[in-house]
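Scroll down for the structure; my scribbles are underneath it.
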Amino acid sequence: MNTASPRVLMVGTALGGRGGIASVVEVLRADGLFEREGIDYVATHAEGRRLDKLGSALRGLWRVGLACLGPGGRPAIVHVHAGSHASFLRKSLVLLMARMGGARTVFHLHGGGFRRYAAVEAGPLLRRWIRHTLEASSRVIALSPGWAAWVRECAPQARVEVVSNPVRLASPTAREHAEAGRILFLGRIAPAKGVDELLQACAGLAARHPRLRLVLGGSGDLDWVRRRAGELGIAGR
């Protein structure tokens, strides 16, 4: 951690790891946001064995506690990237320490499973804690208008803003290389990412658009997507 008090303390998973949070943070870091805004980054999660994960969580929480509650200068803003289950529990403790230290807080919601986690898997006490955490945050960032609407239903007093995930774009290629009718999907190939809806949409358009081709790039259940495309009659597309 920097010796000077950071203006913003950002908390998430270890840089260079897998998953949406690590990807988003890496784009922000590579774009120079950390330097421009005086951001210090603390990881409370890392890939590896259970003991490695526990050690990362304890070290990260200790650093956050020192920054937010210690005798030195404290951050003005604490921004957490959170998913479901253990990720939410860790980040809710971070936000609690931040509020105790007088910082403004940002809860940046990731993870398509959070709705089920909050509405179905969580018991009554945990649901109250989830709602409290959302409503006590200075801002909640949702990745889409649909997610923002759900957050407002779950926590009516939450102050929600929509900020889409950043993507680093390569230099644009010449337009003559574009292929009419080709649709490109990049990401994890799974129903939770909307791939089934995309396949159904292509099946509905295939008869009217004979040049339509769907290209899926990423890891995931490739056997499922091939089987599903066959069921919808677009295996050749």
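Taking the criterion of being among the polar types (S, T, N, Q) and either open to solvent by 30 Å² or more (accessible area, probe 1.4 Å) or in contact with a Cys (Cβ under 7 Å, 6 or more places away or on another chain) (or both), the only residue of segment 13-41 that qualifies is S23. Residues in segment 46-60 that are open to solvent by less than 40 Å² (accessible area, probe 1.4 Å) and modelled with pLDDT of 90 or more: G55, S56, A57, G60. V94 satisfies every condition listed in (1) closer than 21 Å to L58 by Cβ; (2) touching a Phe, Trp or Tyr at 6+ places or on another chain (Cβ under 9 Å); (3) among the hydrophobic types (A, V, I, L, M, F, W, C) except (2). Per the listing R208, R228, R152, R182, the residue uniquely in contact (Cβ under 8 Å) with a residue 12 or more places away in the chain, basic (K, R) and open to solvent by 70 Å² or more (accessible area, probe 1.4 Å) is R182.
Residue count for segment 104-133 under the criterion of being of a type in the set (A, V, I, L, M), open to solvent by less than 10 Å² (accessible area, probe 1.4 Å) and part of a helix (DSSP H, G or I): the result is 2.
The values are calculated or read from the model by the stated rules, or taken from the named source; none is laboratory data. Quick caveat: nothing in here was measured; it's all calculated off a predicted structure. So basically every Cβ, Gly included, is an ideal-geometry build from the backbone, and we count neighbours across all protein chains shown. Areas reflect the complete protein model, heavy atoms only, side chains present, ligands, DNA and RNA absent. Shrake-Rupley method; radii C 1.70, N 1.55, O 1.52, S 1.80 Å.
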